[in-house]
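Okay, structure first, notes after.
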Amino acid sequence: MNFPPDDDSAGMASSAVGCPFHTVAKVPSDSEFEDWLQTDLRCSAGKREFQLGRYTVAHVRNGYQFLEALKTFRLDVEDYRKTGFLAIVPSCEPFDNSVDELRTLGQILVDAGLAESAGALINSQTVAIPFEVVCPVTNIPTVYEFFPVAFCPHARSVADPLYDPALSTPFLAINTTSDAFAFGMLVRDLSLRHFRVPPHEIRDRHELERLLHKCAVVWQNMSANTITSYNKVSEIPARAVHLSADKRTWTAPHNDPVFAEMVKEPHDHEMPALYANRLCERWIAALFDGQALMAARDGQSGGTPAFDFRK
């Protein structure tokens, strides 16, 4: 993985060489980043998008650089070239805990004009960035919301009060995605592969419904694999992600997709078995029944507090 060129990248990399990796958020080398992709990235959907070259990776040192990279990402989303944006935030400042790391990441969004206060942002605030794009399924202008979420090294430290391995990376990062849009791109991919046309050009309602059902099953399986994989790496059961017995919901020690939290509490979230099928129904209704399409934050609508049976 070759990172996008950055006028200051060489200087940043050299200044971070002497810093201990576990306490300092340095710039990962290409090989270190590739190792993380291969061994530590357990999100099946994320892996797929990286393999397809549809992930923007940029080094950002401040809010201005984040905003500039976000603008480029938005244009690529509009052209179906990208689906996810990983902003790596280099620093030679030693961090003692997740709180300091998260506050640093929160300040990036404040400086970008996407939040008012870093302190408030890391206390369970959600940032929804609306992208108006032509829907990859219906070909109708649609607003898809993209959500930045903070990831940091100390989230993998069992001694850290905010231990949460599902939100850990060996570098400071902000990951911005839209599950609804990414699912729509999966539908478009399979439509082009099997029908040689984008989904909206499939005129037979039954055929499109069959395709959407297949895609929803694939998306559900990818999500289940992701949750199962992250469940295995947690050393504290109460901080592990779990899949419900009926596979319709999943539980995490955080509320997805808030930017960050100062308290870890279990939250239940919808699986694709619920939200992907709902999206499919809306796409069909928009294409064949003339109904208005609103995708917004399906797939990342937020969790509901759950009774923690694991404690």
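Taken together, the values in this text are just the output of simple stated rules run on the coordinates, not laboratory data. Source: prediction; values computed, not measured. Because the Cβ atoms are built from the backbone with ideal geometry, glycine has one as well, and the counts that use them run over all protein chains shown.
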Estimated FRET transfer efficiency (Arg210, Leu75; beta-carbon r; R0 41 Å; 0.05)
0.80
In bins 10 Å wide, starting from 0, what share of all Cα pairs of the range 9-177 does each bin hold, as a percent?
10, 38, 37, 13, 2, 0
Only Cα pairs under 8 Å and at least 6 apart count here; give the relative contact order of the chain as a rounded whole percent.
17
Quick one: work out Rg over Rh on the C-alpha atoms of the chain, Rh as Kirkwood radius.
0.97
The range 137-189 to the range 193-227: how many Å between their Cα centroids?
22
Evaluate the relative contact order of the range 184-305 (contact order divided by residue number), counting alpha-carbon pairs under 8 angstrom at least 6 apart; express in whole percent.
21
Here, Phe131 and Ser244, labelled 7 Å along Cα→Cβ, have an inter-label distance in nm of 2.9
Among bridges DSSP assigns within the range 41-159, what percent are antiparallel (round to 5)?
55
The number of Lys pairs in the chain whose alpha carbons lie under 28 Å apart, excluding pairs fewer than 8 residues apart on one chain, is 21
Neighbours of Leu41 by Cβ distance under 12 Å: Lys/Arg at +1, Asp/Glu at -1, summed charge -1
Per residue, how big is the convex hull around the C-alpha atoms of the range 59-114? Give it to me in cubic angstrom, could you?
77
Pseudo-spin-label distance Met262 to Val110, built 7 Å along Cα→Cβ, given in nm, is 1.2
Under the definition of Cα pairs under 8 Å and six or more residues apart, what whole-number percent is the relative contact order of the range 98-230?
19
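Rounded, prolate or oblate: pick one for the range 184-305, where a ≥ b ≥ c are the square roots of the eigenvalues of its C-alpha gyration tensor, a/c under 1.5 means rounded, and failing that, prolate if a/b is larger than b/c, else oblate.
Prolate shape, in that a/c is at least 1.5 and a/b is the bigger ratio.
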So what's the back-of-envelope 222 nm ellipticity for the chain, counting only DSSP H runs of four-plus at -39500 (n - 2.57) apiece and dividing by all residues, rounded to 500?
-12000 deg cm²/dmol
At what distance in nm do the modelled label points of Asn123 and Glu93 sit from each other, each positioned 7 Å from its Cα along Cα→Cβ?
2.0
